[in-house]
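S.K.: There's a structure below that I have some questions on.
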Amino acid sequence: MNALTYPSHLKQHFASDNYAGMCGPAAHWFLEANNSGHAPAYGDDEWTHKVSESLRNLFQTDCDIYFVFNGTAANSLALASLCQSYHSVVCSPVAHIETDECGGPEFFSNGSKLLVADAGGEAGQHGKLTPDAIEAIVTKRTDLHYPKPKVVSITQATELGTIYSVEEVRAIAAIAKRRHLKLHMDGARFANAVATLGCHPSEITWRAGVDVLCFGGTKNGLPVGEAVVFFDKHLSEDFAYRVKQAGQLASKMRFISAPWLGMLQDDVWLSNARHANTMAQRLRSKLETLEGLSLLAPTQANGVFVNLPQTAIDKLQTGGWRFYEFIAGGGCRFMCSWDTTDEAVDALVSAIEASLN
Ligand SMILES: *Cc1c(COP(=O)(O)O)cnc(C)c1O
C-alpha cells in the first residue's frame, strides 16, 4: 500500500473527534429508550430524570441540568443566561465561542460582547486565560461606554489540547469572584481533561468555583447532545424557556438523555476519554521521531497540533487524509476519538512520514 493513500478500510479520520460514531453503551441505551414504548415528551420522561439524577450524583451536588443538541447552543444559551445585552464575556482569542460559533453567544444574548483577553507568553500559546490577563481586561475601563464585564469563559480541555490544572481554575475563579464575574466552562472535551487530571469532576468544576459547565457528550461517544450543568441554580432561572425559544428543546428528549446512561455507567465517559488521550500520546510520540515537522502545544488531551510544510499538507490531502488547519491558528490539528485504533494512528504517521519526503 502506498503510505500516502488513505487506507479506506480503516475508515478513521483525525479531523475531529466528532467524526466518530456513538459508542456501544450509548447505542444500547438509545435503543432501550426506544424499546420502552411511549414516553412523556419534552424531558418529562424517566430517562431524562434518571440521567439528571446520575449527573447530580456524579458531581456530588444538587445542580440544574438541561440537554441541548450541540455545543454551540449549550455555550450560547448558558452565556445568554448569565448576561444582559450590555454585558461582556472575557475569553481567550482561540475560544470556540469567539472563533467557531458564528456569533451565537452574541446573538442569543441580544448583543453581549465577547472581550478577547490575550494571556500572551506560554499560557497564550497553550490557549489559556490567566488571572492577570483577566484582571487587565476587566480593569482597562470602568466607564459606562464599555460593555460591563460579567462572565469569564474558559475551555477545558482547551482548543489547543492543553488543560487547566485545578489550581489554575481556582486562581481564575478567585479573580472572577473578586471582580463579580461568573465563571463558565466550555467542556466540549471535559472528559478528556478529567481523564488527564485524574481528579474528581467536582474538583475542577463547582468546588473550584465554576458556575456553569457545558458538559460535552458528542465528542466523547454520544450520538448527539450536550448537558448544560448549572452549579449555581439561581443562574438557570427561565433557562427552559431559552432552550425552547432557541429551537433546542427536543420533543423526544429521551433519545438525547438516555445514551448518557451508557456514558455514566462504569465510568465509560472516562474510559472513552482515556483511550482518546492515549491515542494522541501514541501519535505525538511517533511524530516526535520524524524530521521536518514541529509539534506545537503540549499534548495533554486528545489532540496533536503540528506544523507541516505546505507540500506535505497537500500530499496528505490528496491522499484522502482529512484534518483541519484553521483551528486556533495552531497548524494542522489531528484529533483522536474514543474509537481511534493503533492501526489508524500508525497509518497516519506513515502517511505523514511519506509526505515529508
Ligand atoms: C466541538 C466544540 C464545541 C461544540 O461544537 P458544536 O459543533 O456546536 O457541537 C464547543 N467548544 C469546543 C472547544 C469544541 O471543540
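The values are calculated or read from the model by the stated rules, or taken from the named source; none is laboratory data. These figures come from a predicted structure and were not determined experimentally. Counting neighbours? That spans all protein chains shown, and the Cβs are built from the backbone with ideal geometry, glycine included. Ligands, DNA and RNA are excluded from the accessible area calculation, which covers all protein heavy atoms including side chains. Shrake-Rupley method; radii C 1.70, N 1.55, O 1.52, S 1.80 Å.
S.K.: Considering only residues of the range 74-90 that are assigned to a strand (DSSP E or B) and crowded, with 23+ Cβ neighbours inside 10 Å, which is farthest from the ligand (Cβ to nearest atom)? If you could, list the steps in order and put the result at the bottom.
M.R.: Initial filter on the range 74-90 (assigned to a strand (DSSP E or B)): 87-90.
Next, only the ones that are crowded, with 23+ Cβ neighbours inside 10 Å stay: 89-90.
Working: V89: 14, V90: 16 Å.
Among residues in the range 74-90 that are assigned to a strand (DSSP E or B) and crowded, with 23+ Cβ neighbours inside 10 Å, the one farthest from the ligand (Cβ to nearest atom) is V90.
S.K.: For residues that are within 19 Å of L356 (Cα to Cα), under 25 Å from the mean Cα position of the chain (by Cα) and charged (D, E, K, R), tally how many sit in the range 298-344.
M.R.: Final tally of qualifying residues: 3.
S.K.: In addition: For the range 34-76, give me each residue that is aliphatic (A, V, I, L, M) and either without any contact (Cβ under 8 Å) to a residue 12 or more places away in the chain or out of contact with any Pro (no Cβ under 8 Å at 6 or more places or on another chain) (or both).
M.R.: Within the range 34-76, the subset aliphatic (A, V, I, L, M) is 39, 41, 51, 55, 58, 65, 68, 73-74.
Answer for the range 34-76, where residues must be aliphatic (A, V, I, L, M) and either without any contact (Cβ under 8 Å) to a residue 12 or more places away in the chain or out of contact with any Pro (no Cβ under 8 Å at 6 or more places or on another chain) (or both): A39, A41, V51, L55, I65, V68, A73, A74.
S.K.: Mind listing whichever residues of the range 254-274 are surrounded by fewer than 24 Cβ atoms within 10 Å (Cβ to Cβ) and of a type in the set (S, T, Y)?
M.R.: Residue satisfying the conditions is S271 alone.
S.K.: Restricting attention to the range 14-57, which residues are open to solvent by less than 10 Å² (accessible area, probe 1.4 Å), away from the ligand (no atom under 16 Å from the Cβ) and part of a loop (DSSP other than H, G, I, E, B)?
M.R.: Selection gives C23, D45.
S.K.: I'm trying to understand the selection: among the residues of the range 91-122, which are away from the ligand (no atom under 16 Å from the Cβ) and either in a strand (DSSP E or B) or modelled with pLDDT of 95 or more (or both)?
M.R.: Let us first name the residues in the range 91-122 that are away from the ligand (no atom under 16 Å from the Cβ), namely 109-113, 115, 117-122.
S109, N110, G111, S112, K113, L115, A117 - these are the residues of the range 91-122 that are away from the ligand (no atom under 16 Å from the Cβ) and either in a strand (DSSP E or B) or modelled with pLDDT of 95 or more (or both).
S.K.: Considering only the range 183-190, I want to know if a residue exists there that is more than 14 Å from the chain's Cα centre (by Cα) and crowded, with 24+ Cβ neighbours inside 10 Å. Lay out the reasoning, then the answer.
M.R.: Quick first cut of the range 183-190, residues more than 14 Å from the chain's Cα centre (by Cα) only: 183.
Next, from what is left, pick out any that are crowded, with 24+ Cβ neighbours inside 10 Å: 183.
Yes, the range 183-190 has at least one match.
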